[in-house]
C-alpha cells in the first residue's frame, strides 16, 4: 500500500513501513490506474510525498466513518471493502485489486 500522507503514517495497526527509493515508489504508483496520464517526471515528483507500507491479511486500512487525511493506493494484492450492517455486524460489499483510493 502507498500512502500519500505528509509525514504521519495511517493509524492502522498491521501496517509495516517499507524502505523503498523514490524510483521504486514511482514504479509502484505507475502500476495503478490512478497514475494514467502522468509523465515519468510527474510520477517521480509525486513519489516524494508517498510512503510505502505492507499490510498483513486482516488489517483495517481505513475504518468506516473515520476522517483520514491521506490517499491510499493499493499497488499489489487486493482489499475487501467492508461496511457495517444496521446490527453492527460487518458485511463485505466488494473486493478491489490494484487501485483503491480514499481521500477524506
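Every number in this text was worked out from the coordinates using simple rules, so none of it is lab data. Only a predicted model underlies this, so the values are computations on that prediction, with no experimental measurement involved. Here Cβ is always computed from backbone atoms with ideal geometry, including for glycine, and neighbour counts include all displayed protein chains.
Applying the selection to the stretch 22-41, what residues are out of contact with any helix residue (DSSP H, G or I) (no Cβ under 9 Å at 6 or more places or on another chain) and on the phi < 0 side of the Ramachandran plot? Across the stretch 22-41, the qualifying residues are 31, 32, 33, 34, 36, 39, 41. Only one entry of 82, 62 meets the criterion of being within 21 Å of residue 15 (Cα to Cα) and under 10 Å from the mean Cα position of the chain (by Cα), and that entry is 62.
Look at the stretch 44-65: where a residue is closer than 17 Å to residue 19 by Cβ and a partner is surrounded by fewer than 13 Cβ atoms within 10 Å (Cβ to Cβ), sitting 6+ places away or on another chain with Cβ atoms under 6 Å, you get 53/17; 54/16.
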